[in-house]
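Participant: Shown below is the structure under consideration.
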Amino acid sequence: MGASASLGASEPAPDAADAMATPVVEPAPEAAADATPEAAADATTPEPEAKRPHAAADLLGSLAKEGNLSAILGFAGYRTVLTLETLSWRARRAARDARIELDATHETRQNRLMKIFYRAELLDLRRRKAFPDKMLYSLFYLFDGWKHRASDVQFDGRRVLLLCPPPRRLHGVVAVDASARDEVRSIASLAATKRVNSSMLSLGHCSLILSHRGGDERGWLRCKEFLAQLQVNYKPPMAKFADEETVASLVASMSGGDEAVGTLMIPRRLVLAARRRQDSRQRGTLAVRNELDVALRKAARASAVLDVAAAGRVLTHFWKCMSRSKWGAVTRETFIDKVAAAAGLGTSDALVVWDEAVNGLLVPLVPLYFPAGSKPPLGTSDETISREPGDVRAGDILAITGHDYFWPACTALAITSLARDPSTCFSSTAYLSFCSFEQFVVRQNGYVFAGESVVWSAAIAVLDDLGTRRDGEANAEPGKARVREAVASLLIPSRIRPLVAGATVEYAEGDANLPRDDDDISWSRATIVSRDVHLAVIRMETNAEEKSVYLGSLRLVEDEPSAAAILLAHAAADHRYDIMQQILASDVMGNSPLSFTVGEPGKPISLRTDARATALDHAIVSRNIVGIGLLSDAYTRDQKLWQCCVATCHSLEKISSPQLTPKERADFSCAMRCGPGAYRHHMNPWTPFMVALGRQLEMILSPSMSTLPRFARDLMKPIESCGARNCCSDLCRSFPSSGAVSKIGKTRGRTQQTNC
């Protein structure tokens, strides 16, 4: 405490008064020259004691020595560096100039970790009034063939140390073989990397590389533990409320189209979940069109020859060139001949743009260096991994690629620019240079797209681009119309194989009770003979036996999933309720959406697997409570029908994961219509509610309704108007008419308790 007070604390602590009894050191001549006139006047006025103690020269000198400041912060906690820098300008200069290690072993908040790491840059943005409206703090893990990685974090045994400044700025000290490096190009590489990082900070993206050195198995394990520590203790931001129109639309979609009935028929926690505004996970972690437009305007201001429109054309043809070269980085000759020429730039302007890009001025384009002799496509295999910034060797190949944070938005910009029409973006007959629009945008060529350790969907990115307001549009309605047109192009009968008589299906009788094994569900192939709204008659292929089964037990057999089913799974995984509502409102998909299979979560959605996963699996894994409510609307009118859907769900065990919070577990119980604790159907509190409610309503809506109390008549009016008389089993037919009033009173109380 005495040491911190001697650094220049404004008011010393009472118990540190004795430690402050050191002679005051006269200010240095250069400090006196920088003093303001008011400070000089105060200095000439004698005072009984100094207002602000001066820092001892020997203590400031000790802070400047290597390792001393790290030792102090290791004892007091790494967050103490913020307090240390506010004590005096000398201490701040010592902390900024020193190479320190911040021990963040016990840190549990990712945003606080990154704010302290980038404290100087963030304060500089605020000082220049250039701080963005939204700042995304991204902590991601990279692993590739770099043997001497310039990571921002070092793992020393059990400790996690933040290196300030990061080693990528001091790579000349830790280079593998300094004699083999090209000094001029290495310095240029460091300068370009610094410009890219500064541009990304000003654009609202703050990233921290969390990796280990190649071959360090202990560091790899400690890195995984630290990532898990941050994820377990992650607290999502406070939920915002959606507007009343959106809430009413979601409640109506979860209750068959009637909001008034929905407030009674669906669980109360689903209504509350609909009121919470769930932002798209992809939009929350990766750039969208609006942020890309800001980056293009910034690049146009930094360029000598490009304006915003020309920068957009260059980016579009750059993406097209990478798609033709198997997504490898673009070299100088390829950029000038195929990118700049297609964008309408002359040779001299193309050379200027190339120099600006390799110097880090045209974000989202970033420069990379590859070892000499690397064969194209550059950066797509272990043999063509780029060099670290500042470690450029003689003969290395210079190329440019796209930043991972902006790549989904760049992809969407290129797709919409090349398609020029919303319906063409998902077309199966219009082609890009290498495949059809549907094959790349919706099916993603059978791959999982990921950037900065975040999985993203090309179809969702394209719809976000279409929904962005263009110049000259007064409101967001034209963008919504473009999104509806693009989605509607997938819902035509010719692009969806219907679940009708003659279709080949797979049938299973699963167990809805947890826990269960994969062997509990056995699938058999059959053919649909006829079908009703909720039932179908199928003929088994093994013994030609005909069965009457519920649609929830059937999966349509297709060579590949339909594009609409894939988009529905993407929307369920990304919390895009508007897209789900439009797909589920169609006649082809809406009556049995869980009979269309897609790839299971964690694997390519466009590839069908033995798991027979549906959009419900993706909604469960992404904890999309409202999405589960939207998907279950076609099934929850019949308890046995919904039980068949739950029994054949591949990801059912996720609803009882120990990582769920109590609120999330309660939300899942209500959305899946299961009871808390062990999932046993004979003890399911939703079963009597779903089975008995309709017949009791039918009994109430009889000619003797006038004899009922007023609250019962008011309760049943909206349900009578929607025709919900015939929605339950024969259980309530046994209720005597004389006990109608008492039964309704008990049902009313049980309904209120269940919905809460």
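The values are calculated or read from the model by the stated rules, or taken from the named source; none is laboratory data. This structure is a prediction, so every number in the text was calculated from the model and none was measured. Here the Cβ is made from the backbone with ideal geometry for all residues, glycine too, and neighbour counts use every protein chain on show. The protein model used for the area step is the full one, side chains on, heavy atoms only, and it has no ligands, DNA or RNA in it. Shrake-Rupley method; radii C 1.70, N 1.55, O 1.52, S 1.80 Å.
Participant: For THR429 paired with ALA304, estimate the spin-label separation in nm (one decimal), with each label point 7 Å from Cα along the Cα-to-Cβ line.
Facilitator: Placing both labels 7 Å along Cα→Cβ, they lie 5.0 nm apart.
Participant: Hey, another quick one. What does the extension gain come out to for THR83 and VAL557, with contour length at 0.36 nm per residue minus their alpha carbon separation?
Facilitator: Between THR83 and VAL557, full extension yields 164.2 nm more.
Participant: Provide VAL196, VAL448 ordered by accessible surface of protein heavy atoms (probe 1.4 Å), highest first.
Facilitator: The ranking, largest first, comes out as VAL448, VAL196.
Participant: Roughly speaking, to the nearest percent, how much of the range 389-516's 1.4 Å accessible area is carbon and sulfur? Could you put the intermediate results ahead of the total?
Facilitator: Numbers: 2570 of 5040 Å².
Carbon and sulfur atoms account for 51 percent of the accessible area of the range 389-516.
Participant: Which order do the peptides 620-628, 115-123 take when ranked by the mean count of other beta-carbon atoms within 10 Å per residue, highest first?
Facilitator: So the order, starting with the most tightly packed, is 620-628, 115-123.
Participant: Right, something else. Report the extension gain between SER522 and PHE131 in nm, rounded to one decimal, defined as 0.36 nm multiplied by the number of residues separating them, less their alpha carbon distance.
Facilitator: Values: separation 391, 0.36 × 391 = 140.76 nm, distance 5.70 nm.
Using 0.36 nm per residue and subtracting the Cα-Cα distance, I get 135.1 nm.
Participant: At a Förster distance of 60 Å, what's the computed FRET efficiency of LYS480 paired with LYS65, Cβ-Cβ distance as r, to 0.05? Provide the component values of the computation, followed by the final result.
Facilitator: Values: r = 62 Å, r/R0 = 1.03.
My answer for the efficiency is 0.45.
Participant: So, one more: Along the Cα-to-Cβ line of SER198, 7 Å from the Cα, sits a label point; which residues in the range 104-127 have backbone N less than 15 Å from it?
Facilitator: 120-127
Participant: Given R₀ = 41 Å, FRET efficiency for ALA228-ALA191 by Cβ-Cβ distance, to 0.05? Intermediate values should be presented prior to the final figure.
Facilitator: Numbers: r = 36 Å, r/R0 = 0.88.
About 0.70, to the nearest 0.05.
Participant: Could you please put HIS403, HIS618, HIS534 in sequence from largest to smallest accessible area, using a 1.4 Å probe?
Facilitator: HIS534, HIS403, HIS618
Participant: Give the ranking of GLU509, GLU477 by solvent-accessible surface, highest area first, calculated with a 1.4 Å probe.
Facilitator: GLU509, GLU477
Participant: For the range 312-433, what does the equivalent ellipsoid look like in terms of its semi-axes, each the square root of 5 times an eigenvalue of the Cα gyration tensor, given largest first in whole Å?
Facilitator: Here the semi-axes work out to 26, 17, 13 Å.
Participant: Round to the nearest 10 and report in Å² the accessible area of TRP354, as given by a 1.4 Å probe over the protein chains' heavy atoms.
Facilitator: Around 10 Å² of this residue is reachable by solvent.
Participant: Holding the Cα-Cα limit at 30 Å, pick out from LYS240/LYS640; LYS65/LYS194; LYS134/LYS224; LYS547/LYS663; LYS194/LYS338; LYS134/LYS375 the pairs that are longer than that.
Facilitator: Working: LYS240/LYS640 36 Å; LYS65/LYS194 26 Å; LYS134/LYS224 28 Å; LYS547/LYS663 41 Å; LYS194/LYS338 28 Å; LYS134/LYS375 40 Å.
From LYS240/LYS640; LYS65/LYS194; LYS134/LYS224; LYS547/LYS663; LYS194/LYS338; LYS134/LYS375, over 30 Å: LYS240/LYS640; LYS547/LYS663; LYS134/LYS375.
Participant: Now for a separate question. Assuming R0 = 51 Å, what is the FRET efficiency of ARG277 and LEU351, from their Cβ-Cβ distance, to the nearest 0.05?
Facilitator: 0.60
Participant: Still on this model: When ranked by the protection proxy of mean other Cβ atoms within 10 Å per residue, highest first, what sequence do the peptides 567-579, 590-602 form? Please report the intermediate quantities before stating the final value.
Facilitator: Numbers: 567-579: 26.0, 590-602: 21.2.
The most tightly packed comes first, giving 567-579, 590-602.
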